[in-house]
Amino acid sequence: MSLQTGLIHLAKLRESVIKEEGIPAVWTPGISLSEIPTTKVTRTLSKNKIALFFIATAIVGLALYLVFRFDYRLVELLSVRMDLAGQAKTIVNVVQLIFLGILAYLIVRACNALIFGLVFRFRRGFEAPTLVRNIFTIIAFTALFFLIFTVMFPGINLGALFTTSAIFGVILGLALQDTLGNFFSGISLQADRPFQVGDVIRVGAEKQTGVVEEITWRAVKIRTFQNHVVLISNSTAAREPIEVCPRDNLNARLVFFNTLYSDSPAKTIHVVREAVREADNVSQKITPIVRIRNLGDNGVDYEVKYWLTDYAKYNDTDALVRQRIWYAFRRAKINFAYPTRTLLIERTSKRGMGPGDESAIVERLGAVDIFAPLSSEETAMLAQAATSHVFAPGETVIRGGDPGSSMFVVHNGRVSVQISESGRARNVATLSEGAFFGEMALFTGEPRTASVVAVEETEVLEIGHDAMKRVFDNNPDLVESLSHIIAERRRGLAATEALSGSEGDESAGILSSIKRFFGMK
Ligand code: CMP
């Protein structure tokens, strides 16, 4: 099968699908949107039109030749054979006028095609609107007809016939009320140009939506996304509100989805943004925006806003975006939320922890250097007492100056230790997984020396005063190693604040204040 036959076969197949189902052929995964043929079916071939024009012109030309060449014979025929002696000449003249009128019409159509079809397209790059072409045809034909009529019937004043007849005017006005309304609305639409051929519009209370195919002197023709043609009269289009999505404009769409409450927003936003920006027909000029719309009954509700290259394909693109989200969720192990009723049984000792988290916490605490001397039972006991908290990027975990009775271990993510310097936050240290903070206030009873802010989504394990006291009672040596760390951190802060002192003095001072605070000897 040749390529051409194949394409014709495909086109026929598509046409049959459209006819049978009343919808455009459905896009299937794996085929890019650019491969989808447009749904418009060309009805007339311009070649046929040209041939028809020449045949019609030849017939009319021949008829004119005959009625002018044998006019006296026709007059004779009508007078003698048909007994119409009085009107014979007028009848022949009327027949001549009719044929001349047809010829004038054909000439006007030819000029129309030549001026608007060829010259206009050549100079401006697009075809002239149908309404403009129709106005040209009406005016040119009327002028030509008046001219022919005046030459053929010099005794009759056609202008006076129209202008003086008041009754004729009233009848004509009433009969053409709607037509003229549409005609002038069409002119105002052309002058205003609120939309053009190829734009997607949504009109009126019924929200008829489709791609503009034509604007004629009577109506705006749109092709809906079910491949139906809808005609909206020009007067309706001029009266009703119209939502226009211009073809050469970056129009945006919103697609909604949701996730379970257990899925992290930062991760979801990143995963969806990356999945959507790659999709076909999603504009590369603006990065899609993913944001939380609502904290819903069943889960976290999100919306993704993306911009389309070709807005007319928004249905397919919305579907493709949803498909990409599904696959991205599956890879990233994010779950869609569906109507569920979750029964949460709160266990106070392990607030915020999932079932698999406990061993990970024991492992994490075991890897913290100050807890290295602890036995595995003591680490497990500490893990039991630890509470997990998750912070979004930029959220403050502890605030400088606040009282504090617990310390924290970074389980996942990173935090920034910040002090305030002339009203502005200055980073002193960045702590990542396995590091700890908040021990100064916990062990000395003094206010927090700095603020700690999450740099990225961060999970911290909080250990309270009582749990640490139990650990100190079993491991008095731990206090000494901690006092060294606290002294070192104080020196870090002293670079900007007036905290100073020799290392030995400071450690000894901290050691005794920890012992005092925890009631140790
Ligand atoms: P705390 O004073 O309880 O609260 C702020 C915490 O920031 C402090 O305990 C330390 O754990 C931590 N911190 C202060 N200075 C430093 C530093 N120079 N390096 C690392 N951590 C610090």
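What is the distance in Å between the Cα centres of region 208-281 and region 58-94?
So the separation of the two Cα centres works out to 62 Å.
Neighbour counts of other C-beta atoms within 10 Å: give me SER420, SER483, SER388 arranged from fewest to most.
SER420, SER388, SER483
Of ALA385, ASN475, SER420, which is farthest along the charge dipole of region 355-518 in the positive direction, counting Lys and Arg as +1 and Asp and Glu as -1 at C-beta?
The one lying farthest along the dipole's positive direction is SER420.
Order of TRP326, TRP217, TRP307 from fewest to most other C-beta atoms within 10 Å?
With the fewest neighbours first, TRP326, TRP217, TRP307 line up as TRP326, TRP307, TRP217.
Which value, in debye to the nearest 20, gives the size of the charge dipole of region 191-245 about its Cα centre, when Lys and Arg are +1 and Asp and Glu are -1 at the Cβ?
For this selection, approximately 80 debye.
Sort 49-62, 92-105 by the packing proxy (mean of other Cβ within 10 Å over each peptide's residues), most packed first.
Averaged packing, sorted descending, gives the order 92-105, 49-62.
May I ask you to sort CYS111, CYS245 by Cβ crowding, counting other Cβ atoms within 10 Å and putting the fewest first?
CYS111, CYS245
Readers should treat all values here as calculations from the given coordinates under stated rules, not as data from a laboratory. Only a predicted model underlies this, so the values are computations on that prediction, with no experimental measurement involved. Because the Cβ atoms are built from the backbone with ideal geometry, glycine has one as well, and the counts that use them run over all protein chains shown.
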